[in-house]
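Everything on this sheet refers to the single structure shown next.
The values are calculated or read from the model by the stated rules, or taken from the named source; none is laboratory data. This structure is a prediction, so every number in the text was calculated from the model and none was measured. We place every Cβ from the backbone using ideal geometry, glycine too, and count neighbours over all the protein chains shown.
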Amino acid sequence: MTIAQSTEFPRPEPVGHGPGAVGTPDEFAQLLPQTRRALLHRLAVGQAEGRAPSMTGAVVRDGRAVWTGGRGAVAGEVPHGDVQYRIGSLTKTFVAVLVLRLRDEGLLRLEDPVGRHLEGTPVPDATIAQLLSHSAGLAAEPRGPWWERTAGELRPEPADLFEERPQRLPAGRHHYSNVGYALLGALVERLRDGVPWDEVLRREVLEPLGMDRTTPRPEKPYASGWAVHPWADALLPEPAEDTGLMGPAGQLWSTLQDLCRWAAFLLRGDARVLGAASLAELRTPAVPPESGTWDAGYGLGVQLLRREGRLLVGHQGSMPGFLAALWADAEEDVAGVVLTNCTSGPAAGALAADLTGIVLAHEPRIPEPWRPLPGPLDPELLALTGPWYWGANPHALRLRAERGLELTPLSGAGRSSRFRAEEDGTWTGLDGYYAGETLRVRRDRDGAVSHLDLGTFVFTRGPYEPSAPVPGGVDPEGWRV
């Protein structure tokens with residue numbers, strides 16, 4: 001096999017389409033030469049040490065690809081950004097977006113049992129949220145031989161996917177299940193009037209985002225999948241089967257260019273596909289860890305990773321002959337993508353995370369200029385801001401864009417959360433302990449603000465303010481020395 005030299009691809013182009021998905025070229029869009037060399041070096045080391053026939057990588061920042069590179073060869077040439085690779089379980093992120101679209105349209109609720117919408121499943125009580133987050137306790141793999149290397153025709157009916165005991169663990173505990181995503185694909189087809197899930201995906205997601213090179217079956221140019229001998233520099237071709245009903249777990253093929261668009265979407269959203277609020281749900285840990293610290297978790301269709309003090313979201317994927325990874329840092333608006341065509345060897349996930357880390361280390365993000373809120377300013381909202389106390393614990397309430405609020409502890413201990421304004425005059429928590437909880441402004445008989453009620457927690461203007469309805473009351477003698 002001819003091995004071509006490594007290269008950086010030509011000048012990166014904007015990725016994505018539609019509001020919030022396309023980065024605007026500016027003075028910071030082009031990476032510095034030393035940053036580009038560090039990225040290419042990391043990719044080259046990953047390909048050489050992982051003994052991968054070929055490898056491509058990219059970094060997305062501010063909604064655009066700012067670096068892309070290739071190493072090794074596909075058909076005797078350095079792989080470019082339009083070469084398809086199989087992306088394995090990255091497919092699950094696409095299926096999750098389809099399910100959230102159905103939820104946003106009111107066709108289902110995440111807490112619904114799947115049996116309410118899908119007849120004949122052997123696990124009718126598993127909720128849709130549990131299937132998305134791999135917490136339904138289902139078996140990891142379908143019945144029969146190794147599904148990634150055998151034709152989907154071996155499992156022509158949904159019942160053929162399950163062993164006699166489809167549920168292996170109690171619901172609520174994270175247990176990765178490929179077969180659960182087969183059910184979600186069937187759910188999408190059922191609620192889209194029998195249209196195949198991959199056709200729904202093309203029509204509702206891929207076309208709006210301009211991802212015309214993401215397909216269920218390979219289309220030229222594409223890389224062949226290889227296994228590399230563990231003790232010799234020799235190759236063995238891997239089969240590329242159509243996995244049939246298991247397709248939603250790992251069927252898709254894609255390119256570096258398309259996955260850059262997907263990374264930009266996962267970071268910023270696109271109103272034509274899925275808004276930022278629903279994407280934030282995907283990125284929230286669905287099964288909270290029992291302890292206060294964790295290194296890896298799972299949201300609704302995305303993996304979560306804590307690395308060097310940063311929270312990364314995305315997914316890794318593997319199929320016979322292929323490895324893929326996409327990790328995105330929503331706070332820094334940067335993502336790394338890696339594709340390679342070998343069954344094992346390269347640590348694609350670590351490499352994709354390293355690409356984002358290299359950019360942030362060499363070129364820390366330039367913050368957006370501070371700007372005042374767009375007017376007009378509501379004086380009643382402004383009057384709510386400032387210090388509030390939960391008991392004797394001081395907090396600050398700040399006004400954000402679109403009438404949003406942010407509550408932050410001032411003592412170094414306490415719970416922070418951002419809140420979205422609702423039409424009924426309340427606010428809904430977006431993150432942290434108060435995610436999903438309702439914040440209400442309580443008033444006295446004269447209409448003056450009395451206190452804040454946040455999921456039964458009372459916040460007052462003074463520490464244990466006697467005039468406020470503090471649960472349990474306040475000692476009538478007050479503070480003393």
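Summed over region 55-75, residues that are small (Gly, Ala, Ser) and under 18 Å from ASP354 (Cα atoms) total 5. Flag set for TYR433, criterion: part of a helix (DSSP H, G or I) and touching a Ser or Thr at 6+ places or on another chain (Cβ under 9 Å). Scan region 110-117 and tell me whether some residue there is assigned by TED's automatic domain parsing to the domain that holds ARG365 and under 18 Å from ARG213 (Cβ atoms). Taking every residue of region 110-117 in turn, none turns out to be assigned by TED's automatic domain parsing to the domain that holds ARG365 and under 18 Å from ARG213 (Cβ atoms). If I filter region 86-105 for residues that are among the small types (Gly, Ala, Ser), in the same structural domain as ARG202 (by TED's automatic domain parsing) and not in a helix (DSSP H, G or I), do I get at least one hit? For region 86-105, residues among the small types (Gly, Ala, Ser), in the same structural domain as ARG202 (by TED's automatic domain parsing) and not in a helix (DSSP H, G or I): absent.
Condition check for SER133 on (1) closer than 18 Å to PRO196 by Cα; (2) touching a Phe, Trp or Tyr at 6+ places or on another chain (Cβ under 6 Å): one failure, at (1). Residue count for region 198-249 under the criterion of being in contact with a Pro (Cβ under 6 Å, 6 or more places away or on another chain) and within 16 Å of LEU102 (Cβ to Cβ): the result is 1. Checked against (1) under 28 Å from LEU100 (Cα atoms); (2) in contact with a strand residue (DSSP E or B) (Cβ under 7 Å, 6 or more places away or on another chain); (3) among the small types (Gly, Ala, Ser); (4) at pLDDT 90 or above, SER318 meets all criteria but (2). Cβ-Cβ contacts under 9 Å between residues 6 or more apart (or on different chains), taken from a first residue in region 112-123 that is on the phi > 0 side of the Ramachandran plot and touching a residue at least 12 places away in the same chain (Cβ under 8 Å) to a second residue that is basic (Lys, Arg) and in a helix (DSSP H, G or I), are absent.
When PRO463 is tested against (1) under 37 Å from the mean Cα position of the chain (by Cα); (2) surrounded by 12 or more Cβ atoms within 10 Å (Cβ to Cβ); (3) not hydroxyl-bearing (Ser, Thr, Tyr), exactly one condition is not met: (1).
Quick check: anything in region 134-153 outside any helix (DSSP H, G or I) and farther than 25 Å from MET319 by Cα? Scanning region 134-153 turns up no residue that is outside any helix (DSSP H, G or I) and farther than 25 Å from MET319 by Cα. For region 298-334, the set of residues classified as on the phi > 0 side of the Ramachandran plot and either surrounded by fewer than 19 Cβ atoms within 10 Å (Cβ to Cβ) or among the β-branched types (Val, Ile, Thr) (or both) consists of GLU308, GLY309, ASP333, listed by residue number.
Looking only at residues of region 62-90 that are over 13 Å from GLN257 (Cα atoms) and of a type in the set (Lys, Arg), we find that the one that is surrounded by the most Cβ atoms within 10 Å (Cβ to Cβ) is ARG86. Answer with yes or no whether PRO196 is over 14 Å from LEU132 (Cβ atoms) and without any contact (Cβ under 8 Å) to a residue 40 or more places away in the chain. When the stated conditions are applied, PRO196 passes them.
Among strands (runs of 3 or more DSSP E) lying entirely in region 329-423, which contain 2 or more residues that are aliphatic (A, V, I, L, M) and within 28 Å of the chain's Cα centre (by Cα)?
Result: 334-340, 405-409.
Pick from region 106-133 the residues that are assigned to a loop (DSSP other than H, G, I, E, B) and small (Gly, Ala, Ser): which of them is nearest to VAL273 (Cα to Cα)?
So in region 106-133, the residues assigned to a loop (DSSP other than H, G, I, E, B) come out as 106-112, 117-126, 133.
Keeping just the survivors that are small (Gly, Ala, Ser) gives 106, 120, 126, 133.
On the way: GLY106: 15, GLY120: 30, ALA126: 26, SER133: 21 Å.
This residue is GLY106.
In this structure, does THR408 turn out to be surrounded by fewer than 17 Cβ atoms within 10 Å (Cβ to Cβ), of a type in the set (S, T, N, Q), within 27 Å of GLY309 (Cα to Cα) and without any contact (Cβ under 8 Å) to a residue 60 or more places away in the chain? Outline the logic, then answer.
On the way: surrounded by fewer than 17 Cβ atoms within 10 Å (Cβ to Cβ): yes; of a type in the set (S, T, N, Q): yes; within 27 Å of GLY309 (Cα to Cα): yes; without any contact (Cβ under 8 Å) to a residue 60 or more places away in the chain: yes.
Considered against the rule, which asks whether it is surrounded by fewer than 17 Cβ atoms within 10 Å (Cβ to Cβ), of a type in the set (S, T, N, Q), within 27 Å of GLY309 (Cα to Cα) and without any contact (Cβ under 8 Å) to a residue 60 or more places away in the chain, THR408 comes out as yes.
Every condition in (1) among the hydrophobic types (A, V, I, L, M, F, W, C); (2) at pLDDT 95 or above; (3) under 30 Å from SER254 (Cα atoms) is met by ALA347 except one, and the failing one is (2).
Inspection of region 188-195 finds no residue satisfying the criterion of being touching a Pro at 6+ places or on another chain (Cβ under 8 Å), of a type outside the set (A, V, I, L, M, F, W, C) and crowded, with 21+ Cβ neighbours inside 10 Å.
Going by what's in this entry, would ARG165 be described as more than 22 Å from the chain's Cα centre (by Cα), part of a loop (DSSP other than H, G, I, E, B), in the same structural domain as ALA96 (by TED's automatic domain parsing) and exposed (fewer than 15 other Cβ atoms within 10 Å of the Cβ)? Judged against the criteria, ARG165 is a match.
Listed here are the residues, each with its yes/no results for (1) surrounded by 19 or more Cβ atoms within 10 Å (Cβ to Cβ); (2) under 26 Å from ARG283 (Cβ atoms); (3) outside the structural domain of THR93 (by TED's automatic domain parsing).
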site: PRO122; (1), (2), (3): no, no, no
site: ALA129; (1), (2), (3): yes, yes, no
site: PRO142; (1), (2), (3): yes, no, no
site: PRO145; (1), (2), (3): no, no, no
site: GLU153; (1), (2), (3): no, no, no
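Scan region 439-448 for residues that are under 23 Å from GLY478 (Cβ atoms) and in contact with a strand residue (DSSP E or B) (Cβ under 6 Å, 6 or more places away or on another chain) and jot them down.
Scanning region 439-448 gives ARG442, ASP444.
The set of residues in region 11-68 that are among the hydroxyl-bearing types (Ser, Thr, Tyr) and modelled with pLDDT of 95 or more comprises THR35, SER54, THR56, THR68.
Could you say which residue among THR255, THR284 is closer than 27 Å to GLY63 by Cα, in contact with a strand residue (DSSP E or B) (Cβ under 7 Å, 6 or more places away or on another chain) and not hydrophobic (A, V, I, L, M, F, W, C)?
On the way: THR284 fails: in contact with a strand residue (DSSP E or B) (Cβ under 7 Å, 6 or more places away or on another chain).
Answer to the check: THR255.
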